[in-house]
Amino acid sequence: MDNQYDKVRRSTTPLQLDVVEAFARGRLSRREFIQRATILGLSTGAIGAVIAACGGSTASGTAAAASQAPGASAAAASVPTVAGGSIKVAIQRPAGPNDPIAMQDLGNYGTTAQCFEFLCALDKTGSGITQGLAIKWTPNTDGTVWTFDLRQGVKWHDGKPFTAADVVATMKRLVAAGNAGLKGVIGPDSAVAKDDNTVVVTLLGGNGNFPYLVSCFNPQSLITPVDYVSGTTLDKRPSGTGAWKLVTFNQATGATYARNDDWWGGKTPLDATEFIFFDTIGPMVTAYQGQQVDALVQFDVLSGKALFDDPNFNIIQTEAALHRQIWMRTDKGQFADKRVRQALALTFDRPALIQQLFQGKAQIGNDHPIWPGYPYFDGSIPQRAQNIDKAKALLAEAGVPNLTADLHNGQLLEIPDLAVLLKSQAAQAGITLNVKSESLDTFYGAAWCPGEPKDPPCSGASELGIVDYGHRATPDVYLNAALKSKGIWNSSQYASPTFDAAFSEFQKSVTVDAQKAACTKIETILNDEVPIGVPYFYNYLAGSSKTYTGIYASAIGQLFLSSASKTA
Amino acid sequence: MGRYILRRLLLSLVTLWLLVTIVFAIANVLPNDVGRTILGPFAPQESVDALNDRLGTNRPIFIRYADTVVGVVTLDFGDSYITNKPVLPDLMAAVARSAKLAGLALFLTIPVAIIAGLYAARRRDRLADRAIVLAGVTSSSIPEFVTGTILVVVVGVQLKLLPVLATPPPNADIPTQIRYLLMPATAMAIVYFGYIARMTRAGTIDVLQSDYTRTAAMKGLTTSQTMRRHVLRNALIPTVAVIAVQIGYLFGGIIAVEKIFNYNGMGQTMLFAAQRKDIPTLVAGAIIIGIVYMVATLASDLIIAWMNPRIRLDSNS
């Protein structure tokens, strides 16, 4: 086994070696090691060899479980299954055209991901990546160049072969469309086809997380054909390399798919799938209870209470970076004083919020957007807990013992309830919060980041509010857009040269130690200065009837059914 | 009669124009950014600006209004901002869905309500009358979404007798479609039973007390002959008018029922269009609902004119 370990060490790139050494020296947990190693393109066998050499088990929970390619077998089932049949899935109605490059809503993410695929696929844990259209990816020494070996024998639904030219064209299109995940990471000519089965991507700067940006965690990075024109929609031109072919699409009712018999992953156990569109979660739940749908792409704790008590319902729960930010204006107004922001944050009873809003299905937050699931998260920063006396003392020191403020929020999921709970918690310290619950249109347009004034962005934001953030595989978007000086979503108007420097350091860092060090600084700064309160990161919830198995979900509204089958 | 119909049609055109103008004003004058609403709050500003350019939403308002009016006249409502597809086919599909649901609801409620109203009127102040009035008041006091929710939970979820979703499978036969629509139609029928039954009862009581009804009885006509020849056609005039107004509401106003049963009729379609600032769909939908109202009220006026010749004579003079 040690020979295998040495073999791995000798054959890895410097970045991969850094991760191996970090794990060997105990600086990474096994889970973190598997995650980081997979991102950096270490093979399943290599990961297993390292873990075994370091005294860990190579049984379940190792790279095998994390890296199993989708569709390899229906072996996710430990129960007997039958071939054939179909499944009905409840999903949010797409809010715009199903254009894979420009789509922005969960309904479209879920429906397009049935047909198109990513270079890096979602693994069955729901939070990591594995082989997709790329079977291997390798960074250079400083993470500025990534080489992707493409899967061979893949065909588009019209029978044409999938080649490197498709990947190169897709990258160009994404850059031209201003894809948020790839902006500033690659340029229009960054991707080059070395040959039909190899793509080399030269980044604008080192980035140790690049594979995440060409995975389902960047939902628009689906690979589209070389001759695809931006603006084309899936229903106008059904296409893809995936396990399912689009048969019908009706914006009013739903979409149906049939098995792709030429799929590289083999024959799917199910023959067909149907996605039924819903506007709200309540009818999805009753549709499941009435046995008219078999699975839900997403639901929340409050609407789906009946599902938790249903012994025939299998909940797919994924810990995710989904969170709410309670922004406070740092440039003017009552919250410009750091002591006032800290005081408000000290009134949050986070365990109570998690229990009341999510029945415990969330992780505690510490007033920064670095989710505990990120491999570079530093848990040593002291956890802020409710401390009413300290909050009162800070307010008195700041000269605002009886603070009153309007708390703006949009009517989305549990956010109105969160606002009410924060109001009652803040009242204990003498802070009066007037809850202003608004429709999402009004909230985003008037309270969060109004269009005017344009410069700096978001400078028209209200003094205090709650905004939602979806899951991201890396925190770059949260840090860049919401917290960096003049960020496009910087509703707190936070402008800290120290933070900006730490974020820049994080962006450039590619080794484990460098990323962790940069994150430690970021967490410390944000926890101290509190431009945003982050009380929790809540789990993504999806689920299906137990008559089906082999279903897994991302935290961004995608349900993967290539391994799904009916139980016997 | 011909002049009457022509006059009503001309007035309808004026009403339609007013409707288009009001809907356009509401959709365009209030603060909004169509591109931002479609792409969402996290889309890059460049994408939003590009979309607004493509949709033409940043053109002067008078040009957009003129385009809208021309589109209505030529029945070319343009493409939906959401789907990028022509508005009319999707809207007509939604109208068809609403028509099926409304038709079934009216089929369930009208005969039962009229019979109940007549029965109650002939037994005025007796137990049957009080029971029917009480049932009517109760049923019309409970909102249809409450009735719908109870039906979903009891009939759909617990007893599993009927599907909880109202949309039938594609190409379903008529019995299957009726099975899927039965619950939402019943929820609506329960509410409208009260209105129609009470209106029928009131109209019948009024006619039963009239001189010509007493004359008919004194002439020797049987009760059923009196009811058929003299009472019914006069008693049902207000009922016909109420039903006509309800038809328009059934097409566009039952959003709550459509939401509960996940049925994409005109209500949901219009709500979605309003939330997403899909102005072409909003304008076209408002026109269609307006036309439904006008056709329904015109039809009711014609039926009433047929039932009561004095109305025809008055309009001709």
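The values are calculated or read from the model by the stated rules, or taken from the named source; none is laboratory data. Keep in mind that this is a model prediction, so the values were computed, not measured. Reconstructed Cβ throughout: ideal geometry from the backbone, glycine too, with neighbour counts over all protein chains shown.
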Residue count, region B:137-195, condition within 11 Å of chain A (Cβ to nearest Cβ) and on the phi > 0 side of the Ramachandran plot, comes to 1
Of the residues in region B:136-152, those that are of a type in the set (Gly, Ala, Ser) and surrounded by fewer than 17 Cβ atoms within 10 Å (Cβ to Cβ) come to B:141
- Query: So is residue B:263 touching a residue at least 12 places away in the same chain (Cβ under 8 Å), out of contact with any Asp or Glu (no Cβ under 8 Å at 6 or more places or on another chain), in a helix (DSSP H, G or I) and among the hydroxyl-bearing types (Ser, Thr, Tyr) or not?
  - Reply: no
Residue set A:22, A:53, A:37; condition of a type in the set (A, V, I, L, M, F, W, C) and more than 20 Å from residue A:376 (Cβ to Cβ); output residue A:53
Checked against (1) within 14 Å of chain A (Cβ to nearest Cβ); (2) farther than 29 Å from residue B:196 by Cβ, residue B:67 satisfies every condition except (1)
Across (1) crowded, with 19+ Cβ neighbours inside 10 Å; (2) free of Cβ contacts under 8 Å to residues at least 60 places away in the same chain; (3) touching a Pro at 6+ places or on another chain (Cβ under 9 Å), residue A:446 clears everything bar (1)
Report yes if residue A:403 is over 30 Å from residue A:39 (Cα atoms) and out of contact with any Lys or Arg (no Cβ under 6 Å at 6 or more places or on another chain), otherwise no.
yes
Note on residue A:330: of the conditions (1) within 14 Å of chain B (Cβ to nearest Cβ); (2) over 23 Å from residue A:374 (Cα atoms); (3) among the polar types (S, T, N, Q), unmet is (1)
Residue pairs qualifying under the 8 Å Cβ cut-off, at least six apart or on distinct chains, with the first in region B:107-130 being surrounded by fewer than 17 Cβ atoms within 10 Å (Cβ to Cβ) and the second being among the charged types (D, E, K, R) and in a helix (DSSP H, G or I), are B:123/B:129
Residues of region B:243-270 being more than 12 Å from every other protein chain (Cβ to nearest Cβ), buried (at least 19 other Cβ atoms within 10 Å of the Cβ) and either of a type outside the set (Phe, Trp, Tyr) or under 14 Å from residue B:196 (Cβ atoms) (or both), in sequence order, are B:243, B:244, B:246, B:247, B:248, B:250, B:252, B:254, B:270
Among residues of region A:250-274 being within 11 Å of another protein chain (Cβ to nearest Cβ) and out of contact with any Pro (no Cβ under 8 Å at 6 or more places or on another chain), the residue farthest from residue B:87 (Cα to Cα) is A:274
Note to self: Based on this model, can you work out whether residue A:246 counts as in contact with a helix residue (DSSP H, G or I) (Cβ under 6 Å, 6 or more places away or on another chain), buried (at least 18 other Cβ atoms within 10 Å of the Cβ) and at pLDDT 95 or above?
What the structure shows: no
Here the qualifying pairs (Cβ atoms under 9 Å; residues six or more apart or on different chains; first in region B:271-295 and more than 19 Å from residue B:57 (Cα to Cα); second part of a helix (DSSP H, G or I) and of a type in the set (Lys, Arg)) come out as B:271/B:259; B:294/B:8
Exception for residue B:165 within (1) part of a helix (DSSP H, G or I); (2) touching a residue at least 12 places away in the same chain (Cβ under 8 Å) falls at (1)
All conditions in (1) part of a loop (DSSP other than H, G, I, E, B); (2) without any contact (Cβ under 8 Å) to a residue 60 or more places away in the chain; (3) on the phi < 0 side of the Ramachandran plot are true of residue A:495 except (2)
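Rundown of residues vs (1) surrounded by 22 or more Cβ atoms within 10 Å (Cβ to Cβ); (2) within 14 Å of another protein chain (Cβ to nearest Cβ); (3) within 20 Å of the chain's Cα centre (by Cα), yes/no style:
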residue: A:485; (1), (2), (3): no, no, no
residue: A:488; (1), (2), (3): no, yes, yes
residue: A:494; (1), (2), (3): yes, no, no
residue: A:501; (1), (2), (3): no, no, no
residue: A:514; (1), (2), (3): no, no, no
residue: A:521; (1), (2), (3): no, no, no
residue: A:524; (1), (2), (3): no, no, no
Residue within region A:442-450 that is modelled with pLDDT of 90 or more and more than 24 Å from residue A:282 (Cβ to Cβ) present
yes
On the basis of being under 30 Å from residue B:146 (Cβ atoms), out of contact with any Cys (no Cβ under 9 Å at 6 or more places or on another chain) and without any contact (Cβ under 8 Å) to a residue 60 or more places away in the chain, does residue B:255 make the cut?
yes
Of the candidates A:166, A:196, the one satisfying the condition of being more than 14 Å from chain B (Cβ to nearest Cβ), touching a Pro at 6+ places or on another chain (Cβ under 7 Å) and not basic (Lys, Arg) is A:166
The one condition residue A:174 fails out of (1) touching a helix residue (DSSP H, G or I) at 6+ places or on another chain (Cβ under 9 Å); (2) more than 24 Å from residue A:564 (Cα to Cα); (3) more than 14 Å from chain B (Cβ to nearest Cβ) is (3)
Counting only residues that are buried (at least 24 other Cβ atoms within 10 Å of the Cβ) and not in a helix (DSSP H, G or I), region A:526-536 contains a total of 6
Of the residues in region B:140-176, those that are modelled with pLDDT under 90 and touching a Ser or Thr at 6+ places or on another chain (Cβ under 8 Å) come to B:169, B:170
Picking from A:419, A:473, A:385, A:426, the residue that is modelled with pLDDT under 90 and within 24 Å of residue A:323 (Cα to Cα) would be A:473
Of the residues in region A:426-480 that are more than 13 Å from chain B (Cβ to nearest Cβ) and in a helix (DSSP H, G or I), the one that is nearest to residue A:535 (Cα to Cα) is A:426
